[in-house]
Amino acid sequence: MERMKLIFRLLSAVLIAVVVRAFRRITRGPIVETWSWSVELTMVAARAFVLASARDGDRTERRALEAGFNPKLPKALRDVISVREGIVGGIDGEWHERQGNLQNRATILYLHGGAYISGNPATHRRFAAQLTWATHTRTFVAAYRIAPADPFPAAVDDAVAAYQGLLDEGVKPEDIIVAGDSAGGGLTASLLLRLRDEGKRLPAGSILYSPYTDLEHRGDSILRNSQTDYLLLGEIRANTDYLGSADPHNPYASPMYGDFTGIPPMLIFAGGREMILDDSIRLTDAARRTGVQVDLVIEDDMFHVWPALLPHHPATKRTLAKSAEFVVELTN
């Protein structure tokens, strides 16, 4: 009964928000000139969902809903990608593999987003499948621990364990790409710093989609793009749920403060209309200062982690194509 009440509340919030924005668009035009109806209403629906699911403060209800989330892939992806549960390095997760006798270029360790307080492999299943197909890889999506039950550095510890698990299974580091979106993108950068500091063999490279790299939320883009994104960061000073008592400047938590000397090539995607655009820019600057090869791609009119929400948009197709080129360049 409680689950049904939550679903009804979320759907009601989304429906009301979409209707209100549709009327606004009819009377005043799109909020961003280049946005189609589908792009604008997707952003509005995502914002309404995030806001409604945050009513309980610590996202307890949202996590309960996500725990039972088990979406089927669209038929086009089901025909070419198999998804199965797996454990790597003691970390639960999902394996995505292309069907048939196809050679994989590399293995992707994927770290999902969710601000370190929500999300799991199922919530990111469609995008992980798209990425796996586009890059001709196999992908392990790690179900790392999340806050507030497991605050920092639990997520980093689990990412290290999953990476080491791949090595223990015989995967060569030069055949591994670490990737992630939002918090998972920040966690990817943190993982690289931790692996380097511990003297472990590093992967071939990393791909970060809208990485969340400043847990104090100090970027100017948070306010500048507050009307064109669905995040709630403008209302939250810092991610204390995940940080706990940790220093927000700790580079394993906010990797933009890290020294990236010796880190392999990075490909970073960011939306020009997203609230944490500055997180990507500042991370790029920090890495480049230490000589790291970084390619920052900004899709001018996109919001946060658009490839996961707009699977058919031209910007998503460009992102996947660029990701595939990066994988080929580093692992062939």
When every residue in segment 198-241 that is hydroxyl-bearing (S, T, Y) and buried (at least 24 other Cβ atoms within 10 Å of the Cβ) is compared, the one nearest to P255 (Cα to Cα) is T213
Name the single residue that is modelled with the highest pLDDT among those in segment 46-86 being among the hydroxyl-bearing types (S, T, Y) and either in contact with an Asp or Glu (Cβ under 7 Å, 6 or more places away or on another chain) or in the same structural domain as L232 (by TED's automatic domain parsing) (or both). S82
A129 fails exactly one of (1) modelled with pLDDT of 95 or more; (2) surrounded by fewer than 24 Cβ atoms within 10 Å (Cβ to Cβ), namely (2)
Hey, which of the strands (runs of 3 or more DSSP E) in segment 19-126, taking only ones fully inside, have at least 2 residues that are surrounded by fewer than 20 Cβ atoms within 10 Å (Cβ to Cβ), in contact (Cβ under 8 Å) with a residue 24 or more places away in the chain and under 20 Å from the mean Cα position of the chain (by Cα)? 91-98
Across segment 132-157, what is the number of residues that are assigned to a helix (DSSP H, G or I), over 16 Å from the mean Cα position of the chain (by Cα) and buried (at least 24 other Cβ atoms within 10 Å of the Cβ)? 1
When G244 is run through (1) in contact (Cβ under 8 Å) with a residue 60 or more places away in the chain; (2) surrounded by fewer than 20 Cβ atoms within 10 Å (Cβ to Cβ); (3) over 27 Å from T135 (Cα atoms); (4) in contact with a Leu (Cβ under 7 Å, 6 or more places away or on another chain), the failure sits at (4)
Condition check: touching a Lys or Arg at 6+ places or on another chain (Cβ under 8 Å), surrounded by fewer than 21 Cβ atoms within 10 Å (Cβ to Cβ) and either within 29 Å of R47 (Cβ to Cβ) or at pLDDT 95 or above (or both). Does V297 satisfy that? yes
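The values are calculated or read from the model by the stated rules, or taken from the named source; none is laboratory data. The structure displayed is predicted, hence computed values, not measured ones. Cβ coordinates were reconstructed from backbone atoms using ideal geometry, including for glycine residues, and neighbour counts include every protein chain displayed.
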